[in-house]
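For reference, the structure is listed below as structure tokens.
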Amino acid sequence: MYLADGRTTSTTAGPGARPGRPVRAAVPATVLVLGTVSLITDVSSEMVTAVLPLYLVAELGLSPLGFGLLDGVYNGVSALVRLIGGRASDRGRGGGHKAVAALGYGLSALCKPLLLTVHTLPLIGAVLAVDRTGKGLRTAPRDALISLSCEPAARGRAFGVHRAMDTAGALLGPLVAFLVLRAAAGGYDAVFTVSGCVAALGVAVLLLFVPGRARTGGPRPDRESGAALRPLLRSPAVRRLTCCAVLLGLTTVSDSFLYLTLQRRLDLSEGWFPMLPLGTAAAFLLLAVPLGALADRVGRRRLFLLGHLALLCAYGLLLAPLGASPVLSCCVLALHGGFYAATDGVLAAATADAVPEELRGSGLAVVQTGQAAARFGCSIAFGAAWTAWGDRWALGLAAGGLAFAAALSAGLLGRVPAAPASPSEPVI
């Protein structure tokens, strides 16, 4: 059973529709199903993320250094395999994007129950590396499916809807883990078991309800990866978008460091610390759809830059000599969530504009890999600066770097040429 592809139209007219004129759905069915898959998968992933630090340190007695190594594996591996996922999905026949995405989701689902059986640092690290490999493999093919299922003029809204559903899962995951820990006798084992079952449900929804999309036109990519990627890397639009993603990623402080800085700024107790990510996620959830639709109207590259200016304002509030108050916390978290809403799906939509259909997965992977690797490097540099000079100096350097990178990016993105025409897509 497959849902209709998002490009199809409905002939059922509403009360105010003109007779005989087809009515398009606001959001393609494929986007809604992929959003459901991401929602379910994020519930599963965030269940584990919520309890993993306490489980490793308190239950298994792992040292902070050991946990730091695992955290680096958990956040860094996906950046290394995104190119593989995007390239493999473009080279696949017919439903290549769906097949690679399903493989990625399946790998992550298999890793959840494996956490029940491993209790040493090397084995836990290996399981987490496989889990992040799955995430890296599925990201570009999934975003390619979203971009190919909707009209170019509506991509920002489509990605906004998907990211909102994804974030809803991130909000529900810690709550489900909390309830399982309180209700089940198995403690952490119960969380990992339930997480594995939820992840398997997400894979089943993907396999049953997401259509395998065959190419509708255009040349097939060369079977040699290097030969196929050369035209992509020669594209001025892709090069400039990648450069901007890297420049801005190098000055984007990781969420964990931002929350730690906010905790110190407000002198929050440890009991309130887990609530900070929920504030960002709530703002992201509320703003993802309206900002995605706004990007379709005012320009995706412009909104991408404005999102980073919102992050710069959050840095400024943390650095300003203001008194500690709940208002400051709310403003910082709202700006942080707004930053993600204006950049995450919007960058994917802007990249899809610049990449032809037959290389869509590869193009998305190139830009996303550059951004993820840059953010990973920023985390290392920020941690070193914090250790050497303190959190305020580190954040001040990051703010100055972000302002400089935003200025450079504005110049680069202002010269990005119009999107190439794909045989199956209209030019906007």
- Query: Mind checking which residues of segment 146-196 are over 16 Å from Arg300 (Cα atoms) and polar (S, T, N, Q)?
  - Reply: Ser149, Thr167, Thr193, Ser195
- Taking the options Pro122, Pro53, Pro113, Pro64, name whichever one is surrounded by fewer than 19 Cβ atoms within 10 Å (Cβ to Cβ), modelled with pLDDT of 85 or more and assigned by TED's automatic domain parsing to the domain that holds Leu201. Pro113
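Residue-by-condition table, conditions (1) in a helix (DSSP H, G or I); (2) over 28 Å from Gly414 (Cβ atoms); (3) touching a residue at least 12 places away in the same chain (Cβ under 8 Å); (4) not hydroxyl-bearing (Ser, Thr, Tyr):
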site: Leu322; (1), (2), (3), (4): no, yes, no, yes
site: Leu359; (1), (2), (3), (4): yes, no, yes, yes
site: Ser379; (1), (2), (3), (4): yes, yes, yes, no
site: Ala384; (1), (2), (3), (4): yes, yes, no, yes
- Determine if segment 158-175 includes at least one residue that is within 18 Å of Lys112 (Cα to Cα), in contact with a Gly (Cβ under 7 Å, 6 or more places away or on another chain) and touching a residue at least 12 places away in the same chain (Cβ under 8 Å). no
- Item | Of all residues making up segment 262-317, the number that are within 13 Å of Gly345 (Cα to Cα) and of a type in the set (Asp, Glu) | 1
- Taking Ala164 as meeting all but one of (1) crowded, with 20+ Cβ neighbours inside 10 Å; (2) within 22 Å of Leu103 (Cβ to Cβ); (3) small (Gly, Ala, Ser), write down the number of the exception. (2)
- Just one of Ala79, Ala29, Ala4 is among the hydrophobic types (A, V, I, L, M, F, W, C), within 27 Å of Gly377 (Cα to Cα) and either out of contact with any Cys (no Cβ under 7 Å at 6 or more places or on another chain) or at pLDDT below 90 (or both); which is it? Ala79
- Message: Please go through (1) crowded, with 18+ Cβ neighbours inside 10 Å; (2) modelled with pLDDT of 75 or more; (3) not small (Gly, Ala, Ser) for Arg213 and return the number of the only condition it doesn't satisfy.
- Response: (2)
- Any chance you could count how many residues in segment 259-304 are within 15 Å of Pro326 (Cα to Cα) and among the aliphatic types (A, V, I, L, M)? 6
- Candidate set: segment 374-428, residues that are modelled with pLDDT under 85, among the hydroxyl-bearing types (Ser, Thr, Tyr) and surrounded by 15 or more Cβ atoms within 10 Å (Cβ to Cβ); chosen: the one farthest from Thr242 (Cα to Cα): Ser422
- Note on the structure: Exactly one of Phe178, Phe257 is at pLDDT below 90 and not assigned by TED's automatic domain parsing to the domain that holds Leu60, and that residue is Phe257
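The values are calculated or read from the model by the stated rules, or taken from the named source; none is laboratory data. What you see is a predicted model; the values in this text were computed from it and never measured. Quick reminder, even Gly has a Cβ in these numbers, built from the backbone with ideal geometry, and neighbours come from all protein chains shown.
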